[in-house]
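> Have a look at this one before I ask anything.
Derivation of every value follows stated rules applied to the coordinates shown; laboratory data play no part. For clarity, every value in this text was computed on a predicted model and none was experimentally measured. Backbone-built Cβ (ideal geometry, glycine too); neighbour counts: all protein chains shown.
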Amino acid sequence: MKKRLVILGPPGAGKDTQGKMLGKALNIPVISSGDLVRKEINEKTDFGLRFKELTESGNLVPDDFMNDFFAHALSNYNLKDGYILNGFPRTINQAEFLDRYLKERDAIIDLVLFLDVDFDTLVKRLSGRRICKNCGSVYNIYFSPPKVDNICDICGSELIQREDDKVDAVKNRIEVYLKSTKPLLDFYEKKGILKSCDANNSPEKVNKDLIEVVNDCN
Ligand SMILES: [Zn+2]
């Protein structure tokens with residue numbers, strides 16, 4: 001049977017990479033909230049315009065709006081035949097909405113995968129990022145450094161660190177995520193569908209482990 005999955009994990013845990021790899025391996029669609037929102041914004045739909053307005057004003061996007069948006073976006077999928085949700089739900093309110101929505105479509109979640117990575121590793125993955133200001137190539141000073149410090153291998157230009165990737169900003173982003181996601185983890189734990197997965201290893205190893213976890217669940 002095709003699996004119905006949710007991927008959770010802090011920034012730097014590899015949700016996008018693992019979502020894509022898993023979707024390919026299991027032949028199920030990956031439904032990424034980031035991609036969906038970007039698409040709506042690019043196409044200037046009513047949802048897109050409203051979303052842009054909300055985020056640019058620095059407000060939190062209300063649950064009701066997100067729930068309407070996802071009901072609209074998810075209606076394009078045959079959810080019964082499997083899915084991987086990435087980036088949604090973010091709050092208990094959204095999770096409860098999603099439960100009702102999926103139940104009505106006979107497509108309830110089989111498993112919630114939490115990508116668990118050590119705090120220090122997350123910080124290195126994010127704060128180690130350097131980007132070529134000329135060609136946009138991405139490096140990581142800990143895991144995939146350029147041949148010469150601070151110089152792009154491809155075009156020889158200088159590498160820069162985005163403000164968002166500075167250590168303090170990164171630590172803050174991770175802490176905010178972990179704190180705000182704790183209730184969601186408890187919510188799925190109580191339902192007995194939460195599976196915490198060690199995601200400290202290479203993407204290939206993590207993917208192999210995730211496939212095993214998913215195949216073991218009935
Ligand atoms: Zn370059």
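> Read phi for every residue in the range 91-96 and hand back ³J(HN,Hα) as whole Hz from Karplus 6.51 cos²θ - 1.76 cosθ + 1.60, θ = phi - 60°, with x for Gly and Pro.
10, 4, 4, 5, 5, 5
> Extending each Cα 7 Å along its Cβ direction at residue 96 and residue 166, get the distance between those two points in nm, one decimal.
In this crude spin-label approximation the distance works out to 4.0 nm.
> 222 nm [θ] for the chain, helices only, -39500 (n - 2.57) per DSSP H run of 4+, per residue, to 500? Working shown, then result.
On the way: 8 runs with 106 residues, N = 218.
My calculation for the chain gives -15500 deg cm²/dmol from helical runs alone.
> Convert each backbone phi in the range 162-178 into a coupling constant with the Karplus relation 6.51 cos²θ - 1.76 cosθ + 1.60 (shift: θ = phi - 60°), then list the ³J(HN,Hα) values in order as whole Hz, x for Gly and Pro.
Going residue by residue, I get 5, 3, 4, 9, 5, 3, 5, 5, 5, 4, 5, 4, 5, 5, 4, 4, 4 Hz, with x marking Gly and Pro.
> To continue, here is another question. Can you tell me, using C-alpha contacts under 8 Å and at least 6 residues apart, the relative contact order of the chain as a whole percent? Spell out each step's value before the answer.
Values: 292 pairs, mean separation 59.8, N = 218.
Relative CO of the chain lands at 27 percent.
> Continuing with the same structure: List the relative contact order of the range 14-85 as a percent without decimals, with contacts defined as Cα pairs under 8 Å and 6+ residues apart. Mind dumping the intermediate values first?
Details: 41 pairs, mean separation 30.0, N = 72.
That works out to 42 percent.
> Quick one: which residues, 5+ away or cross-chain, put their amide H under 5 Å from the amide H of residue 85? H built at 1.01 Å from N.
So residue 85 has HN proximity to 5, 6, 7, 31.
> Taking square-rooted eigenvalues a ≥ b ≥ c of the alpha carbon gyration tensor, is the range 1-138 rounded, prolate or oblate, where a/c under 1.5 means rounded and, failing that, a/b exceeding b/c means prolate? Walk me through the intermediate numbers first.
Values: a/c = 1.70, a/b = 1.19, b/c = 1.43.
Oblate is the answer for the range 1-138, as a/c is 1.5 or above yet b/c matches or exceeds a/b.
> Follow-up. Given H placed 1.01 Å from N in the peptide plane, which residues other than close sequence neighbours of residue 196 have an amide H under 5 Å from its amide H?
Under 5 Å from the amide H of residue 196 lie the amide H atoms of 114, each far enough along the sequence or on another chain.
> Give, in nm to one decimal, the length gained when the segment between residue 53 and residue 25 is fully stretched (0.36 nm per residue of separation minus the Cα-Cα distance). Intermediate results must be reported in sequence, preceding the final value.
Values: separation 28, 0.36 × 28 = 10.08 nm, distance 3.72 nm.
This chain segment gains 6.4 nm when fully extended.
> Check which residues have an amide H placed less than 5 Å from residue 130's amide H, if you skip close sequence neighbours.
Sorted by chain and number, the residues that satisfy this are 139, 140, 141.
> Have a look at 186, 64, 46 and tell me which one the Gaussian network model of the chain (Cα, springs below 10 Å) gives the largest fluctuation.
In the Gaussian network model the winner is 46.
> Would you mind ranking 66, 21, 1 by Cβ crowding within 10 Å, fewest neighbours first? The partial results should precede the final answer.
Working: 66 22, 21 19, 1 7.
Sorted ascending by nearby Cβ count, the order is 1, 21, 66.
> How high is the FRET efficiency between residue 118 and residue 38 when r is their beta carbon distance and R₀ equals 22 Å, given to the nearest 0.05? Provide the component values of the computation, followed by the final result.
Working: r = 30 Å, r/R0 = 1.36.
The value I calculate is 0.15.
> How far, in nm, would the chain grow between residue 215 and residue 178 when pulled straight, counting 0.36 nm per residue and subtracting the alpha carbon separation? Walk me through the numbers before you get to the answer.
On the way: separation 37, 0.36 × 37 = 13.32 nm, distance 2.71 nm.
In short, 10.6 nm is gained.
> How far is it, in nm, from the label point at residue 140 to the one at residue 157 when both lie 7 Å from their Cα along the line to the Cβ?
Placing both labels 7 Å along Cα→Cβ, they lie 2.3 nm apart.
> For residue 133 and residue 71, compute 0.36 nm times the residue count separating them, minus their Cα-Cα distance, and round to one decimal in nm. Mind showing how you got there, number by number?
Working: separation 62, 0.36 × 62 = 22.32 nm, distance 3.89 nm.
My answer for the length gained is 18.4 nm.
> Under a cut-off of 22 Å between alpha-carbon atoms, report the lysines in cross-link reach of residue 20, not counting same-chain residues fewer than 8 places apart.
Leaving aside lysines fewer than 8 places away in the same chain, those within reach of residue 20 are 2, 3, 39, 80, 195, 205, 208.
> Then there's this: Rounded to whole Å, give me the distance from the Cα center of the range 83-100 to that of the range 111-140.
Taking the Cα centre of each part, the range 83-100 and the range 111-140 sit 25 Å apart.
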